[in-house]
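J.: Take a look at the following structure, please.
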Amino acid sequence: NAGVTQTPKFRVLKTGQSMTLLCAQDMNHEYMYWYRQDPGMGLRLIHYSVGEGTTAKGEVPDGYNVSRLKKQNFLLGLESAAPSQTSVYFCASSPLGRDQPQHFGDGTRLSIL
Amino acid sequence: SQQGEEDPQALSIQEGENATMNCSYKTSINNLQWYRQNSGRGLVHLILIRSNEREKHSGRLRVTLDTSKKSSSLLITASRAADTASYFCATFSSNTGKLIFGQGTTLQVKP
């Protein structure tokens, strides 16, 4: 039982490049989330989805786009990477509702040079 | 503004001792959750306590919630080296629809 799987685990980009982070969950959860974790800042919500085909903005959505074409997958895109987007990105899922316990992947460590 | 703030930021104890971490928050909540994060890994949910509950137990974990003081504590009894991790509280409010994470307490348990 894999739970929440994130790919890639590490990536280095140059400023202005684009990339997509993939999150897959095998628990049939409705809700999925993308967070970033920065030192001293805790986890901040970027975007989330309440079901297949839906997305919504979180607290820090600027510079990111997301898509949820299939229930099990949630993609996070950076169209034009900036050094300020250097961070560790976590995907999470929950069965129903943002008030429920969330299951996290092991993160993608992204560096923008 | 930060909703959940943990105290202390770092804690170092000997194996077998108890570890207590505190979380304070500012606005009314529906529930408060505690998570653990091992180095280089994702967060793992430990326990959820609802606003109408005062205490909850799970194995060696004991969580208390005082809504009048807007604070919670996580007690780990008889700590083990494997408990070394960062611990985060997260508060959910139906008023905002948001789950807000604190900055975490880093716990080191020395063998």
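Please treat every number below as a calculation from the coordinates, not as lab data. The structure displayed is predicted, hence computed values, not measured ones. FYI the Cβ positions are ideal-geometry reconstructions off the backbone, even for glycines, and counts take in every protein chain you see.
J.: Less than 25 Å apart at the alpha-carbon level, and either on another chain or at least 8 residues along: which lysines does that give for B:K26?
T.: Qualifying lysines at Cα under 25 Å: A:K57, B:K56, B:K69, B:K70, B:K98.
J.: Once you keep just the Cα pairs under 8 angstrom separated by 6 or more residues, what percentage relative contact order results for chain A?
T.: Relative contact order of chain A: 35 percent.
J.: Something else now. Ignore the peptide's own chain and count Cβ atoms of other chains within 10 Å of each Cβ in A:39-52; give me the average, rounded.
T.: The per-residue average across the peptide is 3.
J.: Same structure again: Per residue of B:36-46, what is the mean number of Cβ atoms on other protein chains within 10 angstrom of that residue's Cβ?
T.: Per-residue shielding by partner chains comes out at 5.
J.: What average number of partner chain Cβ atoms lie no more than 10 Å from the Cβ of the residues making up B:21-33?
T.: Average per residue, whole number: 1.
J.: Whole percent per 5 Å bin, from 0 to the bin with the longest distance: what is P(r) over all C-alpha pairs of chain A?
T.: P(r) over chain A, rounded to whole percents: 2, 13, 25, 27, 19, 10, 4, 1.
J.: Taking every DSSP beta bridge that has both residues in chain A, what percent is antiparallel when rounded to the nearest 5?
T.: 90
J.: What translational diffusion coefficient, in µm²/s and rounded to a whole number, does the Stokes-Einstein relation yield for the protein assembly as shown at 37 °C and a viscosity of 0.692 mPa s, taking the hydrodynamic radius as the Kirkwood radius over Cα pairs?
T.: The Stokes-Einstein estimate is 182 µm²/s.
J.: Which of B:A78, B:A90, B:A19 ends up with the largest GNM mean-square fluctuation for chain B, with Cα atoms connected below 10 Å?
T.: B:A78
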